[in-house]
1. For Trp151, only one of the following conditions fails: (1) out of contact with any Ser or Thr (no Cβ under 9 Å at 6 or more places or on another chain); (2) in contact (Cβ under 8 Å) with a residue 60 or more places away in the chain. What is its number?
2. Quick check on my filter: what residues within the range 64-91 are of a type in the set (S, T, N, Q) and under 18 Å from Met202 (Cα atoms)?
3. May I ask you to verify whether Ser430 is in a loop (DSSP other than H, G, I, E, B), open to solvent by less than 20 Å² (accessible area, probe 1.4 Å) and closer than 19 Å to Gly550 by Cβ?
4. Spot the failing condition for His378; the list is (1) crowded, with 16+ Cβ neighbours inside 10 Å; (2) at pLDDT below 95; (3) not charged (D, E, K, R), and only one is missed.
5. So if I check each of Ala210, Ala205, which one is under 19 Å from Leu105 (Cβ atoms), open to solvent by less than 20 Å² (accessible area, probe 1.4 Å) and at pLDDT 95 or above?
6. Quick check, is Gly258 open to solvent by 10 Å² or more (accessible area, probe 1.4 Å), under 19 Å from Asp224 (Cα atoms) and more than 15 Å from the ligand (Cβ to nearest atom)?
7. Among the residues of the range 74-81, is any away from the ligand (no atom under 16 Å from the Cβ), open to solvent by 30 Å² or more (accessible area, probe 1.4 Å), not in a loop (DSSP other than H, G, I, E, B) and not polar (S, T, N, Q)?
8. Mind checking which residues of the range 700-719 are closer than 23 Å to Ser226 by Cβ and assigned to a strand (DSSP E or B)?
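The values are calculated or read from the model by the stated rules, or taken from the named source; none is laboratory data. As the structure is a computational prediction, the values presented were derived from the model and not from experiment. So basically every Cβ, Gly included, is an ideal-geometry build from the backbone, and we count neighbours across all protein chains shown. All accessible areas refer to the heavy atoms of the entire protein, side chains included, with ligands and DNA or RNA removed. Shrake-Rupley method; radii C 1.70, N 1.55, O 1.52, S 1.80 Å.
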Amino acid sequence: MFSYRKLLGTLFILVIWAATASAQKKTINQRVDSLLRLMTLEEKVGQLNQYSGKEVTGPVSERKTNQLNDIKNGLVGSMLNVKGAKDTREIQAVAMQSRLKIPLLFSLDVIHGYKTIFPIPLAEAASWDMDAIGQSAHIAAKEAAAVGQHWTFAPMVDVGRDPRWGRVMEGAGEDTYLGSMIAKARVKGFQGEKLGGTDAVMACAKHFAAYGAALAGRDYNAVDMSDNMLWETYLPPFKAAADAGVATFMNSFNTLNGIPATGNTYLQRDILKGKWGYKGFVVSDWGSIGEMVSWGYASNNTDAALKAITAGSDMDMESHAYITSLVQLVKNKKVDIKLIDDAVRRILYKKFELGLFEDPYRFSSETREKLVLNDPQHKLIARDVAQKSMVLLKNENHLLPLSKTIKTIALIGPLVKSKRDLEGSWIPQSDTTLVTSLYEGLKNKVNDSVNLICAEGTDVMGKLGGNFDDAVATARKADIVVMALGEAWDMSGESKSRADIRLPGRQEALFNAISATGKPVVVVLMAGRPMIFNQIAEKAQAILYAWWPGAEGGNAIANVLFGDYNPSGKLPATFPRAVGQIPLSYASYTTGRPIKSPKDIKYKSAYIDVPNTPQYAFGHGLSYTTFAYTDLKLGKKAVKRNEMVGVSFKLTNTGKYAGEEVVQLYLQDPVASLARPVKELKDFQKVSLNPGESKIIKFQITYDKLCFYNRKLQWVAEPGRFKIMIGSASDDIKLNAEFELQ
Ligand code: BGC
């Protein structure tokens, strides 16, 4: 029953809550201001300076420094790459000897786990499971916070549409909508409910912006793109991260239409801090301020410092440009002190929020470090996330799941017993004693009931020659073959762009030799990017894309292969057939000469040697069960601007296994003032169903989902027809409908 008393009570609590929150905020702002008044110009500039510890993650600066001295003199605001409760505590103690005792921020690239290594971010994106992704980020944060870190340089929210670019492994794939949802889940996971808990760290949305569109997939390269593309495709995940409260941003190495992102006022001042009203701070990327000199955008480091601070880069990571130039630039009236004060304020605010002024050592506890890093739960969650991330690409004649009564399985390929490769790149440290290989995972599963026989056949790069004969002989002795192929851990990631993204070395040749035995072959592929493996796609009976699955990879793969987990992953990125098709995305534009049939390509927008279609499309992923999509219902066929379109349909598990399906809703605006993509993902749900079970799935199409940036960069929906497509992949649309926006 409705009660005024209850309502008044709730309102009262809300008012008190808002007042307390604003008082707390005020207090921090006041504390920041008081501190700022005490600071010398040198100390202010010091807060904007970030040095790396001994383990470097970029080119080392030529300038010699005495870091501890600089810290003692209040000339350093943050350190990256210092690990462990003991080391961070010792270095913080040096900061406590400085005049104003301003604590340091410790930061690190905790990308997919600190000690417990989770699947790479691209893999996790394939789970389309926001809870799992958030949980993985949270455990990474918990472990990082326990070793003295306050800040991780994650999530990378760059849209990645070029699998040649090694850093696709670090992002959420090619899609803006999925990427935005994942950005939000990761930020919340890393940061927890509120900054300040010692089980969470500050997150960092990087790399602002458009880094994923580097020319020809070559890392650190130039980007030339229209404003429409920038706003519509590349910026939304950053906006989602900002809306989710991400504490920091990192700018990027690339130029955007000629201007380095680091010195880009349009990006950092106009968009981020202006239009979006972002209150956190922006750190440069490693050395990216200094690199403006190599770009030919700044004449020297001083000029680069001037351009970066003017454009809104608050903290200088390892360029040593701010610490060597800003004081003089202010004294010479080239840089307004207000810019420095604003940057310092933003950084100090975070230090207060983290509670470091109350206790600068609160994250550096050796007791907590031991406890958290040895939490047995973390491993189990890593296994769960890994199995959710795997994508079943092909499963001819239901070869999978395997029966536990098979007599002999041959395990063939260079990654069968590998451990390091399963961890993937971008991890704080490798500890292969914590990794379960594919071989061990299968052994754990079947004990001695199934005979597992192994042969490597070839190494990943095919440099050592290998022994195909032995591999073929091994295959012949088995009832079924499981091949483990892919990329070595250092073949994707930063500065690991590849011009040829086929399966490396002689692995596909090895597959052909094994396949020729006539034995049924399951191929497990592990990699940090979408690869090209056309022969395997054609001839293997089953293919599981396991990505770099992390430390629990072997157990997770075994669970999937034997059906203890029914695969539910869907590709977050398109898998091309040939490098020449790149960039290739499901959200491509229509053309004036689209092909209607693959046979009729004359005078059409097509290749004569390769079909236009990908090998595997965005959103593709099979299950051991099957799903039927029926009974589509549309709330209204014509709507006005402030109305929503309700869509519902029935999803039924028509197979024999319980399973999860990611149902995907795409829209198209077929006639508009700008040519629009053939489809765009606008919503999805991951639905779990028992055999025979049905559920009514509902989506609400809001006005916002119909909008795009018009020529004047206004976010508008234009009246007219809209197409709705609902399906289990971008190339497997099961239900179609249309409505009209009046
Ligand atoms: C990368 C960043 C990373 C930084 C610090 C740079 O080279 O681009 O993503 O956070 O190094 O390690």
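1. Here Trp151 clears every test but (1).
2. Here is the first cut: in the range 64-91, the ones of a type in the set (S, T, N, Q) are 65-67, 69, 73, 78, 81, 88.
Once the filter is applied, which keeps residues that are of a type in the set (S, T, N, Q) and under 18 Å from Met202 (Cα atoms), the range 64-91 yields Ser78, Asn81, Thr88.
3. Values: in a loop (DSSP other than H, G, I, E, B): yes; open to solvent by less than 20 Å² (accessible area, probe 1.4 Å): no; closer than 19 Å to Gly550 by Cβ: yes.
Criteria not met by Ser430.
4. Every condition holds for His378 apart from (2).
5. Working: Ala210 fails: under 19 Å from Leu105 (Cβ atoms).
Matching residue, one of Ala210, Ala205: Ala205.
6. Numbers: open to solvent by 10 Å² or more (accessible area, probe 1.4 Å): yes; under 19 Å from Asp224 (Cα atoms): yes; more than 15 Å from the ligand (Cβ to nearest atom): yes.
Yes; evaluated as a whole, the condition is true for this residue.
7. No; the residues of the range 74-81 include none that is away from the ligand (no atom under 16 Å from the Cβ), open to solvent by 30 Å² or more (accessible area, probe 1.4 Å), not in a loop (DSSP other than H, G, I, E, B) and not polar (S, T, N, Q).
8. Residues satisfying the conditions are Phe708, Tyr709, Trp715, Val716.
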